[in-house]
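The values are calculated or read from the model by the stated rules, or taken from the named source; none is laboratory data. Quick caveat, the model's predicted, so the values are computed rather than measured. Cβ coordinates were reconstructed from backbone atoms using ideal geometry, including for glycine residues, and neighbour counts include every protein chain displayed.
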Amino acid sequence: MILAARGLALIAYLALLGLILVWTTWIDPPEIVPISVALVILVLPLLFPLRGMLHGRRYTHAWSSLLALAYVTLGITLAAAADARLYGLLMTAASLAWFAGCLLYVKLDARRARQIAS
């Protein structure tokens, strides 16, 4: 079960990262700001937990779940706009899956660590 939670968190995290990259560069590039600026604003925060997510660190999963909430908010905001509804729904789904996977992994890993300690 702990591997499934970690897998969900990692797959959803990478799916969100890929979604933002593909959507911002190819599907619907922004017209107001340069693509590079949009990528820095949207992708740079996602790069901070990359190493910890790949190595399965509990602390990284814990704080990155809070980062996922920012992308949930952004996804809901984009889903409310008629022209970016699909993008917003996909972003919201990936962010919620990332959030749920992180919380489940942290809970199960902490339980496992307590069992090992006792």
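Determine if segment 30-50 includes at least one residue that is within 20 Å of L108 (Cβ to Cβ), surrounded by 13 or more Cβ atoms within 10 Å (Cβ to Cβ) and modelled with pLDDT of 95 or more. Even if it seems obvious, please write down each step before you answer.
So the first thing to find is which residues in segment 30-50 are within 20 Å of L108 (Cβ to Cβ), and the list is 49.
Applying the additional criterion that residues be surrounded by 13 or more Cβ atoms within 10 Å (Cβ to Cβ) yields 49.
Okay, now just the ones that are also modelled with pLDDT of 95 or more, so 49.
Yes - at least one qualifying residue is present in segment 30-50.
Got a sec? Which of A15, A79, A93 is small (G, A, S), in a helix (DSSP H, G or I) and over 16 Å from the mean Cα position of the chain (by Cα)?
Exactly one of A15, A79, A93 is small (G, A, S), in a helix (DSSP H, G or I) and over 16 Å from the mean Cα position of the chain (by Cα), namely A79.
Report, by residue number, each residue of segment 28-76 that is part of a loop (DSSP other than H, G, I, E, B) and closer than 18 Å to G101 by Cβ.
Here is the first cut: in segment 28-76, the ones part of a loop (DSSP other than H, G, I, E, B) are 28-34, 48-49, 56-57.
F48, P49, G56, R57 - these are the residues of segment 28-76 that are part of a loop (DSSP other than H, G, I, E, B) and closer than 18 Å to G101 by Cβ.
Taking the residues in segment 71-95 that are free of Cβ contacts under 8 Å to residues at least 40 places away in the same chain and within 20 Å of R6 (Cα to Cα) as candidates, determine which candidate is surrounded by the most Cβ atoms within 10 Å (Cβ to Cβ).
T92
Which of the residues spanning segment 51-70 are touching a residue at least 24 places away in the same chain (Cβ under 8 Å) and within 11 Å of the chain's Cα centre (by Cα)?
M53, H61, S64, S65, A68, L69, A70
In the list T60, T25, which residue meets the criterion of being crowded, with 17+ Cβ neighbours inside 10 Å and hydroxyl-bearing (S, T, Y)?
After applying the criteria, what remains is T60.
Of all residues in segment 1-12, which are in contact (Cβ under 8 Å) with a residue 60 or more places away in the chain and more than 16 Å from the chain's Cα centre (by Cα)?
Those that are in contact (Cβ under 8 Å) with a residue 60 or more places away in the chain and more than 16 Å from the chain's Cα centre (by Cα): M1, I2.
Here is a check on your reading of the model: is G56 of a type outside the set (A, V, I, L, M) and at positive phi?
Yes, satisfied.
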